[in-house]
Amino acid sequence: MKTTNLGYPRIGSKRELKKTLEQYWSGKINVESLLDTAKSIRKENWLLQKEQGIDLIPSNDFSLYDQVLDLSVTLGCIPERYSALTNNPAFSSHDLYFAMARGIQKEGVDITAMEMTKWFDTNYHYIVPEFTKNQTFNVSSDKIVNEYKEALELGIKTKPVLIGPVSFLLLGKEKEEDFHRIDLLERLLPAYEEILQQLSDIDAEHVQLDEPYLALNLTEKEQRAVHQTYAYFTTKFPNLKITVANYFDCFGDNIETALSLPVHTLHLDLVRCSSQLDDIIESGKLNSYTHLSLGVVDGRNIWKNDYEKSLKLIQKAIDFIGAERILIAPSCSLLHSPIDLNLETNKENLSSELKQWLAFAKQKLGEVATLKKLANKENLSENLEKLKKNSEAHANRATSALIHNQQVKQRLGALSAKDDQRESTFPTRQKLQKEALDLPLFPTTTIGSFPQTKDVRSWRANFKKGNLSIDEYNALLEKETKETIEFQERTGLDVLVHGEFERNDMVEYFGEQLNGFAFTSFGWVQSYGSRCVKPPIIFGDVSRDTPMTVKWSAFAQSLTEKPVKGMLTGPVTILQWSFVRNDQPRSETCTQIALAIRDEVVNLEAAGLQVIQIDEPAIREGLPLRKEEWDTYLNWAIRAFRISASGVKDETQIHTHMCYSEFNDIISNIADMDADVITIECSRSQMELLDVFATFKYPNEIGPGVYDIHSPRVPERAEMVALMEKAAKQIPVEQLWINPDCGLKTRHWPETREALIEMVAAARECREKS
Ligand code: GLN
Ligand code: ZN
């Protein structure tokens with residue numbers, strides 16, 4: 001039996017890579033120092049994994065920006081528009097690499113970045129490969145071989161890791177018409193072959209090819225492509241031990257394909273799909289030589305492994321194929337988990353009671369090693385002690401008063417069908433809201449936040465450090481809020497917002513005030529490139545002691561006769577952007593959050609807010625990978641939103657907001673949310689996102705964004721009028737609002753002022769014309 005790992009976080013335990021990258025980009029250090037830091041992170045990671053008892057340690061899991069971009073570059077898959085860099089001695093290979101990641105505006109060249117999108121259902125973003133019909137592939141980097149050699153110098157024979165050919169193609173996008181990227185496989189395989197040949201030449205024994213698309217719905221042609229690929233590789237390299245790794249969900253109906261692969265090892269994600277092992281045993285189709293890598297330690301979450309449960313699975317596998325053919329592993333790359341729990345020494349953040357239930361990447365390696373020893377009955381007394389401690393931790397978690405709140409559980413149990421229904425249906429509500437709010441045609445509003453200037457951020461930092469008293473801090477926020485309200489009144493916006501100056505982040509702000517949430521000091525996880533996030537930990541039953549937002553919303557409303565919109569983050573988004581407890585279904589945790597938000601909505605209404613927005617930008621990204629599971633998810637997610645929105649009277653107008661989303665497959669569910677108004681990001685798609693709302697005859701009101709808030713560019717009035725005219729062709733004008741794409745927190749004041757003045761003028765023009 002062996003232990004193996006699929007990948008380790010590369011940002012460094014103190015975010016060294018982030019800091020070095022940003023210094024390099026700003027020209028403060030040269031490329032050599034960047035590469036030195038990168039090298040020392042790799043060294044530290046390899047040695048750590050060895051010390052923790054991992055037998056098969058990955059290499060090529062490191063990346064300066066993104067592992068998919070690395071592979072595109074390695075395979076010479078570089079879009080035509082970067083040729084100005086490749087043929088110019090003024091630019092290095094690193095300039096090219098970072099230009100592909102981030103775009104470049106330098107020395108007369110101006111080239112946009114490649115697209116970035118979410119890595120399956122994680123919060124990690126990868127750079128999307130671009131393919132043309134005549135795409136060629138030429139191995140043009142030694143990264144994989146070099147990193148193997150680098151580890152060898154430290155005495156470690158690593159297992160190089162790369163994304164498999166089928167997943168690489170499917171992760172990308174066709175940039176021309178008339179072909180499907182999977183048809184490029186024939187041309188791609190020789191390039192992979194060359195890489196595998198290089199690895200064989202330097203005596204690499206193992207290689208891991210990630211094919212996470214095996215967890216998605218594949219066409220027959222795609223399934224055949226997987227089979228063809230690995231039949232080809234194993235014929236060419238009979239001595240190379242190839243692992244095909246699947247993660248994030250079950251094989252589903254790709255199971256026959258997976259089991260037909262003549263490879264040395266199949267990796268299974270037994271956290272996301274604990275029934276996978278039974279499915280394989282029952283099928284009777286596992287090759288007599290194939291090893292199973294059992295992903296029993298959760299690579300996506302922060303909870304300590306339940307040894308008893310894992311050992312049962314491991315024992316079942318041993319009984320099935322014998323210990324020699326078993327590997328113990330995390331469920332997926334540890335890229336998605338924070339690095340080291342031992343860094344968390346601030347007891348106010350994480351109490352020792354809570355800490356005993358957690359494991360970060362480093363601790364997870366230890367768990368993998370301990371599980372192997374327990375299954376192998378090595379060092380029995382020492383490891384049995386670990387098993388005992390582990391069982392105790394799980395037993396006390398099951399009953400801990402820190403986690404379990406009977407009142408919350410009772411309230412959940414008592415929910416009835418009417419709790420997710422507004423009093424009347426939309427047409428009735430719409431009439432009542434029209435009378436109560438007295439808004440013009442094409443009402444104007446914004447999505448919530450106004451610029452979070454350096455000053456605003458410094459107040460918060462100084463308040464946290466104790467350099468500002470609460471009164472001083474509040475006075476500054478009041479002044480900023482007041483100016484923002486005055487600006488909106490002057491500009492002539494119809495529904496105002498307070499500006500969200502008191503908020504650090506749209507999830508953290510609520511998590512900090514809710515029971516059941518904890519925060520780490522160093523629990524950073526890479527989101528993309530140098531960007532890291534520190535998701536809150538939802539460890540217990542969620543409840544709210546006091547109102548969270550009423551003070552600022554009511555203050556803003558007291559300053560104006562115009563309606564101010566109360567601003568909340570929705571239950572699904574709070575769930576989606578946190579580490580969620582694994583001792584109850586996600587749906588239950590989501591419903592608990594929904595009840596807390598519902599109470600807040602009711603309090604806002606009582607405080608005089610007639611319009612309340614519940615942001616749900618993460619509804620779409622929460623969709624499970626396999627379509628078979630969509631309905632179940634959508635049912636509880638949409639219900640949670642409705643619970644949060646349904647405690648108010650008909651006159652109160654509920655808005656929701658979603659950033660850029662593909663609504664095509666889920667439009668009926670979006671309609672089911674029954675928000676009185678939905679605002680969406682639409683300007684970049686030139687209102688194309690509205691098509692599906694029109695076809696569906698979406699019944700409620702819609703605010704399609706008329707300008708891109710990701711850019712400092714001030715949109716022209718005529719542009720916005722034209723966009724709204726386009727919208728009005730699709731959606732009856734009585735249903736339309738005018739607003740920016742999203743919140744303005746990343747913008748500066750000068751362009752924000754100008755843009756909103758133009759937007760209001762555009763609305764006036766639209767009203768005159770209709
Ligand atoms: N109300 C939030 C804001 O304006 C919404 C942010 C978001 O959609 N991501 O910042
Ligand atoms: Zn948004």
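The values are calculated or read from the model by the stated rules, or taken from the named source; none is laboratory data. All values reported here derive from a predicted model rather than from experimental measurement. Here Cβ is always computed from backbone atoms with ideal geometry, including for glycine, and neighbour counts include all displayed protein chains.
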Review point. Residues of segment 279-312 being crowded, with 19+ Cβ neighbours inside 10 Å and assigned to a helix (DSSP H, G or I), which ones?
Key: ILE280, TYR307, SER310
Exercise for review: Of all residues in segment 315-332, count the ones that are surrounded by 24 or more Cβ atoms within 10 Å (Cβ to Cβ) and in contact with a helix residue (DSSP H, G or I) (Cβ under 9 Å, 6 or more places away or on another chain).
Suggested key: 5
Check your understanding: If you scan segment 585-619, which residues turn out to be out of contact with any Lys or Arg (no Cβ under 8 Å at 6 or more places or on another chain), surrounded by fewer than 20 Cβ atoms within 10 Å (Cβ to Cβ) and in a helix (DSSP H, G or I)?
Key -> ARG586, SER587, GLU588, VAL602, ALA606
**Study point:** In segment 727-748, the residues that are among the acidic types (Asp, Glu) and away from ligand 2 (no atom under 11 Å from the Cβ)
**Key:** GLU734
Practice item. Please verify whether segment 625-636 includes one or more residues that are part of a helix (DSSP H, G or I), in contact with a Pro (Cβ under 6 Å, 6 or more places away or on another chain), hydrophobic (A, V, I, L, M, F, W, C) and surrounded by 17 or more Cβ atoms within 10 Å (Cβ to Cβ). Key: no
Exercise for review: List every residue pair whose Cβ atoms sit under 7 Å apart, with the two residues 6 or more apart in sequence or on different chains, where the first one lies in segment 611-631 and is touching a residue at least 40 places away in the same chain (Cβ under 8 Å) and the second, anywhere, is in a loop (DSSP other than H, G, I, E, B) and within 14 Å of ligand 1 (Cβ to nearest atom).
Suggested key: GLN613/GLY448; ILE614/GLY570; ASP615/MET506; ASP615/GLY570; GLU616/GLY570; PRO617/CYS659; ALA618/TRP577; ARG620/SER661
Review point. Looking at (1) over 30 Å from LEU559 (Cβ atoms); (2) touching a residue at least 60 places away in the same chain (Cβ under 8 Å); (3) within 16 Å of ligand 2 (Cβ to nearest atom); (4) of a type in the set (A, V, I, L, M, F, W, C), which is the only condition LEU595 fails?
Key: (3)
Check your understanding: How many residues are within 16 Å of ligand 2 (Cβ to nearest atom) and touching a Lys or Arg at 6+ places or on another chain (Cβ under 8 Å) when one looks only at segment 637-688?
Key -> 7
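Can you confirm whether ARG767 is charged (D, E, K, R), within 16 Å of ligand 1 (Cβ to nearest atom) and farther than 14 Å from GLN686 by Cα?
Values: charged (D, E, K, R): yes; within 16 Å of ligand 1 (Cβ to nearest atom): no; farther than 14 Å from GLN686 by Cα: yes.
No, not satisfied.
Which one is nearest to ligand 2 (Cβ to nearest atom) among residues in segment 689-708 that are surrounded by fewer than 20 Cβ atoms within 10 Å (Cβ to Cβ) and not polar (S, T, N, Q)?
ASP708
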Practice item. Sort out which residues of segment 735-755 are within 15 Å of ligand 1 (Cβ to nearest atom) and polar (S, T, N, Q), and write them in order of number. Key: ASN739, THR746, THR752
Check your understanding: What residue, of HIS180, HIS227, is free of Cβ contacts under 8 Å to residues at least 24 places away in the same chain, farther than 23 Å from THR4 by Cβ and not β-branched (Val, Ile, Thr)?
Key -> HIS180
Review point. Under the condition of being within 15 Å of ligand 1 (Cβ to nearest atom) and assigned to a loop (DSSP other than H, G, I, E, B), which residue from segment 674-688 is surrounded by the fewest Cβ atoms within 10 Å (Cβ to Cβ)?
Key: ARG684
Practice item. Give the residues of segment 531-584 that are within 16 Å of ligand 2 (Cβ to nearest atom) and assigned to a loop (DSSP other than H, G, I, E, B), sorted by residue number. Key: GLY570, TRP577
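Would it be correct to say that GLU378 is surrounded by fewer than 23 Cβ atoms within 10 Å (Cβ to Cβ), at pLDDT below 95 and not basic (Lys, Arg)? Steps first, please.
Details: surrounded by fewer than 23 Cβ atoms within 10 Å (Cβ to Cβ): yes; at pLDDT below 95: yes; not basic (Lys, Arg): yes.
Considered against the rule, which asks whether it is surrounded by fewer than 23 Cβ atoms within 10 Å (Cβ to Cβ), at pLDDT below 95 and not basic (Lys, Arg), GLU378 comes out as yes.
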Practice item. Please indicate, with yes or no, whether at least one residue in segment 725-736 is of a type outside the set (Ser, Thr, Tyr), in contact with a Ser or Thr (Cβ under 6 Å, 6 or more places away or on another chain) and assigned to a helix (DSSP H, G or I). Key: yes
Review point. Can you name the residue in segment 610-636 that is in contact with a strand residue (DSSP E or B) (Cβ under 7 Å, 6 or more places away or on another chain) and more than 16 Å from ligand 2 (Cβ to nearest atom) and, of all such residues, is nearest to PHE251 (Cα to Cα)?
Key: ILE612
**Study point:** Output for segment 99-122, where each listed residue is assigned to a helix (DSSP H, G or I) and more than 30 Å from ASN301 (Cα to Cα)
**Key:** ALA99, MET100
Exercise for review: Residue by residue through segment 462-491, note down the ones that are closer than 30 Å to LEU736 by Cα, more than 16 Å from ligand 1 (Cβ to nearest atom) and crowded, with 16+ Cβ neighbours inside 10 Å.
Suggested key: LYS482, THR491
Revision key, fill the gap. Flagged in segment 369-427 as acidic (Asp, Glu) and more than 13 Å from ASP306 (Cβ to Cβ), in numbering order, are GLU378, GLU382, GLU385, ASP419, ASP420, GLU423
**Study point:** Conditions (1) of a type in the set (Val, Ile, Thr); (2) within 25 Å of the chain's Cα centre (by Cα); (3) within 16 Å of ligand 1 (Cβ to nearest atom); number of the one not met by ILE666
**Key:** (3)
Exercise for review: Quick one: which residue in MET720, MET759 is touching a residue at least 60 places away in the same chain (Cβ under 8 Å), in a helix (DSSP H, G or I) and either more than 15 Å from ligand 1 (Cβ to nearest atom) or within 30 Å of ALA618 (Cβ to Cβ) (or both)?
Suggested key: MET759
Exercise for review: Give me the pairs, please: first residue somewhere in segment 102-113 and on the phi > 0 side of the Ramachandran plot, second residue anywhere and not hydroxyl-bearing (Ser, Thr, Tyr), beta-carbon distance under 8 Å, and either six or more positions apart or on two chains.
Suggested key: GLY103/ILE111; GLY103/ALA113; GLU107/ALA90
Exercise for review: Considering every residue within segment 443-461, establish whether at least one is over 34 Å from the mean Cα position of the chain (by Cα), over 30 Å from LEU723 (Cβ atoms) and more than 16 Å from ligand 1 (Cβ to nearest atom).
Suggested key: no
Practice item. Determine the pairs where a residue that is assigned to a strand (DSSP E or B), located within segment 643-669, has a partner that is within 16 Å of ligand 2 (Cβ to nearest atom) and of a type in the set (Lys, Arg) with Cβ atoms under 8 Å apart, the partner being 6 or more residues away or on another chain. Key: HIS655/LYS565; MET658/ARG620
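Run down TYR707, TYR698 and say which single residue is under 25 Å from MET567 (Cβ atoms), away from ligand 1 (no atom under 16 Å from the Cβ) and either of a type in the set (Lys, Arg) or not in a helix (DSSP H, G or I) (or both).
Numbers: TYR707 fails: away from ligand 1 (no atom under 16 Å from the Cβ).
The match here is TYR698.
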**Study point:** The one condition in (1) in contact with a strand residue (DSSP E or B) (Cβ under 9 Å, 6 or more places away or on another chain); (2) within 22 Å of GLU605 (Cβ to Cβ); (3) outside any helix (DSSP H, G or I) that PRO451 fails to fulfil
**Key:** (2)
Review point. Does segment 540-560 contain at least one residue that is closer than 18 Å to TRP303 by Cα and crowded, with 23+ Cβ neighbours inside 10 Å?
Key: yes
Check your understanding: Does PHE501 satisfy the condition of being assigned to a loop (DSSP other than H, G, I, E, B) and more than 16 Å from ligand 2 (Cβ to nearest atom)?
Key -> yes
